[in-house]
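All of the numbers you see were taken from the coordinates with simple rules; none came from a lab. From a predicted model like this one, the values you see are computed outputs, not experimental measurements. Cβ sites come from the backbone with ideal geometry, for glycine too, and all protein chains shown count toward neighbours.
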Amino acid sequence: LWRASAAVRRMLAAGCGREGLVPLPPIKALAAVGDASYALYLVHPFVIRGMREVVLRLGLHSPVLYIALALAGSVVAALLLYRFFEKPATRLARRGLGG
């Protein structure tokens, strides 16, 4: 299943491209998450662990709720990390390297 969803994401990314050939909001949202994929890779273990603590302390014992919160929290954290750290750091590095 994971490989199939990765294939679908790649096909959507290839079909849309950077020019935004398909300017649908869901496609743009998926593209934003794709841009933040490295940040997602880095931040998701911390968010998942944190969400587990929050859910347990609140006494919520619903695995579905936990998974939904962990997924949403991970994506939001990755988007914030990408927007406020990765993007500016990349810009700064490119300027410093003359690119």
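From Cα pairs below 8 angstrom and at least 6 apart in sequence, can you work out the relative contact order of region 24-87, rounded to a whole percent? The partial results should precede the final answer.
Working: 42 pairs, mean separation 32.3, N = 64.
It rounds to 51 percent for region 24-87.
Can you work out the PRE-style zone for Leu60? Point 7 Å along Cα to Cβ, and I want the residues of region 30-45 with backbone N under 20 Å.
44-45
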